[in-house]
């Protein structure tokens, strides 16, 4: 019986020391990819802005815009509070937003000559735009990932 009590006592000591040490660990603030700490009620929207692949187009698709607004009504009226500086070489964009529901749009264009853009489904051919819209819920201290899909 004495061996059992010794084991219980050692287990009790380990648990108490574990709880004490766990309580002493300082919580680090939630940070984005750049290491910037977020304000108290903010989260991150991470958009993977992949360019679609079309059989008739080789390297002719360009990113045009990535914009965020508060409601579909604002999107319809073209009122956005955030526009990302999009690039053909960057695929993942992180946007710091307060907790809540947001809507975003992503836009691509076709810059190929001839009828390639029309065959790929871009309206008006060269310079035609395709839009993708999505609704996201931002949660405090978390990364919400989304990927626009173009029709």
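For beta carbons closer than 6 Å, sequence separation of 6+ or different chains, a first residue in region 110-123 that is at positive phi and a second that is surrounded by fewer than 19 Cβ atoms within 10 Å (Cβ to Cβ) and in a loop (DSSP other than H, G, I, E, B), there are no qualifying pairs.
Results for (1) surrounded by 15 or more Cβ atoms within 10 Å (Cβ to Cβ); (2) under 13 Å from residue 50 (Cα atoms), shown as yes or no for each residue.
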position	(1), (2)
90	no, yes
101	no, no
114	no, no
120	yes, no
132	yes, yes
143	no, no
147	no, yes
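Taking (1) in a loop (DSSP other than H, G, I, E, B); (2) touching a residue at least 12 places away in the same chain (Cβ under 8 Å) in turn, residue 135 satisfies each apart from (1).
Scanning region 47-68 for residues that are crowded, with 17+ Cβ neighbours inside 10 Å and either touching a residue at least 60 places away in the same chain (Cβ under 8 Å) or touching a helix residue (DSSP H, G or I) at 6+ places or on another chain (Cβ under 9 Å) (or both) returns 47, 49, 54, 57, 60, 67.
Quick note: the coordinates plus some simple rules give every number you see, no bench work behind them. Small disclaimer: the values here were computed from a predicted structure and weren't measured. All Cβ positions, even for glycine, are placed from backbone atoms using ideal geometry, and neighbour counts span all protein chains on display.
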